[in-house]
1. Quick check on this structure: which one of 344, 383 is touching a helix residue (DSSP H, G or I) at 6+ places or on another chain (Cβ under 9 Å), outside any helix (DSSP H, G or I) and at pLDDT 95 or above?
2. Answer yes or no as to whether residue 231 is touching a residue at least 24 places away in the same chain (Cβ under 8 Å), surrounded by fewer than 16 Cβ atoms within 10 Å (Cβ to Cβ) and either touching a strand residue (DSSP E or B) at 6+ places or on another chain (Cβ under 9 Å) or not assigned by TED's automatic domain parsing to the domain that holds residue 19 (or both).
3. It is to be established whether one or more residues within region 65-83 are modelled with pLDDT of 85 or more and out of contact with any strand residue (DSSP E or B) (no Cβ under 8 Å at 6 or more places or on another chain).
4. Looking at residue 134 and the list (1) surrounded by 15 or more Cβ atoms within 10 Å (Cβ to Cβ); (2) within 30 Å of residue 267 (Cβ to Cβ); (3) at pLDDT below 95, which single condition is not satisfied?
5. Enumerate the pairs (first residue in region 205-218 and assigned to a loop (DSSP other than H, G, I, E, B); second residue anywhere and surrounded by fewer than 21 Cβ atoms within 10 Å (Cβ to Cβ)) with beta-carbon separation below 7 Å, excluding pairs fewer than 6 apart on the same chain, so at least 6 apart or on different chains.
6. Would you call residue 100 assigned to a strand (DSSP E or B), under 24 Å from the mean Cα position of the chain (by Cα) and surrounded by 21 or more Cβ atoms within 10 Å (Cβ to Cβ)?
7. Considering 48, 33, 38, 10, which residue is in contact with a strand residue (DSSP E or B) (Cβ under 7 Å, 6 or more places away or on another chain), closer than 15 Å to residue 216 by Cβ and in the same structural domain as residue 145 (by TED's automatic domain parsing)?
8. What do you reckon, is residue 81 assigned by TED's automatic domain parsing to the domain that holds residue 141, assigned to a loop (DSSP other than H, G, I, E, B) and under 24 Å from residue 206 (Cα atoms)?
């Protein structure tokens with residue numbers, strides 16, 4: 001059985017409504033009720049709890065790199081919860097709902113990864129993480145004890161705040177977790193690989209977190225009939241319109257198609273570093289699908305696709321729905337749902353363990369591959385070594 005955070009916290013936590021992905025993609029995204037670990041007695045203005053606080057600033061510019069996260073200037077009226085039910089029933093479409101949504105999303109992401117790491121991730125932090133939902137900026141970022149989000153304006157002139165995208169907020173929260181768990185290199189020891197891994201791991205920490213929304217997970221499976229190499233809303237990370245998204249997790253990129261990690265970091269811009277992350281993002285997608293297919297086979301589900309086919313990502317046949325797949329999915333839908341949750345949790349535990357194996361200083365792709373193999377050995381007894389090997393080899397990561 002997969003982990004259920006709603007069951008884990010329903011006796012002591014608080015409920016909120018969150019959008020698993022932004023409600024400005026295909027128009028079909030609905031909010032879902034989820035239970036957070038926050039204790040009702042510790043909830044305060046913002047909203048806030050003992051670790052997070054929302055700051056409703058007005059017309060704020062984004063923090064510059066290395067700038068202390070000190071809010072100056074005008075503050076808008078904060079959200080004031082009077083009962084724990086207030087968080088779940090605040091009107092969607094209001095400014096206060098945006099505040100609640102940002103708080104709930106970051107708390108939910110922390111709940112997911114505290115489960116996978118096995119301990120509180122904010123225990124060493126002396127100050128609360130400031131969550132700033134309204135910034136005059138077409139982006140989002142995380143820094144030292146803060147996450148802030150801006151907005152985009154659609155072609156129709158509609159403002160679309162990024163604080164309503166759980167997947168984007170979970171990605172930014174992941175950066176804070178990664179800095180704390182792996183550490184921060186110095187100017188002398190930082191590598192382009194460290195930067196690329198941060199982006200790839202943050203994407204995957206977000207992707208796995210989104211799968212803790214049961215309704216979203218089931219919609220993805222229903223849309224793909226269980227074939228995750230078909231285009232789907234989950235693999236399109238950060239969907240910001242019906243036709244555009246930030247990155248494609250099921251991409252076909254190999255290391256030979258991106259900048260070499262041997263290029264000095266000073267010679268690479270943000271675009272090159274994000275592109276360098278894509279082969280690893282794609283490899284992790286292949287690993288996830290390989291685990292998922294193996295779990296289905298363990299359940300005696302007669303899936304037509306062989307286990308661990310990394311190169312299937314570039315095979316059009318693997319992307320096309322077929323009658324055989326549709327019939328199998330219709331007969332075994334419950335098993336597909338359980339396999340997706342089991343695979344989510346296995347890769348979640350493996351990714352958390354990999355982070356603990358990695359060095360902050362002079363990180364290279366060899367250390368990343370070693371960490372993935374070791375984490376599989378520790379979490380599953382080496383059950384998925386072949387799946388990992390094939391994915392990393394096809395992506396040209398293994399011996400890079």
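The values are calculated or read from the model by the stated rules, or taken from the named source; none is laboratory data. All figures in this text were calculated on a predicted structure; none of them were measured in a lab. As a convention, Cβ positions derive from the backbone with ideal geometry for all residues, glycine included, and neighbour counts pool all protein chains shown.
1. Working: 344 fails: outside any helix (DSSP H, G or I).
Just one listed residue meets the conditions, 383.
2. Details: touching a residue at least 24 places away in the same chain (Cβ under 8 Å): yes; surrounded by fewer than 16 Cβ atoms within 10 Å (Cβ to Cβ): yes; either touching a strand residue (DSSP E or B) at 6+ places or on another chain (Cβ under 9 Å) or not assigned by TED's automatic domain parsing to the domain that holds residue 19 (or both): yes.
So residue 231 fits the description; yes.
3. Yes.
4. (2)
5. From residues that are assigned to a loop (DSSP other than H, G, I, E, B), the pairs are 211/217; 212/5; 213/32.
6. Values: assigned to a strand (DSSP E or B): no; under 24 Å from the mean Cα position of the chain (by Cα): yes; surrounded by 21 or more Cβ atoms within 10 Å (Cβ to Cβ): yes.
For residue 100, the condition - assigned to a strand (DSSP E or B), under 24 Å from the mean Cα position of the chain (by Cα) and surrounded by 21 or more Cβ atoms within 10 Å (Cβ to Cβ) - is not met.
7. Values: 48 fails: closer than 15 Å to residue 216 by Cβ; 38 fails: closer than 15 Å to residue 216 by Cβ; 10 fails: closer than 15 Å to residue 216 by Cβ.
The match here is 33.
8. Working: assigned by TED's automatic domain parsing to the domain that holds residue 141: yes; assigned to a loop (DSSP other than H, G, I, E, B): yes; under 24 Å from residue 206 (Cα atoms): no.
Answer is no for this residue.
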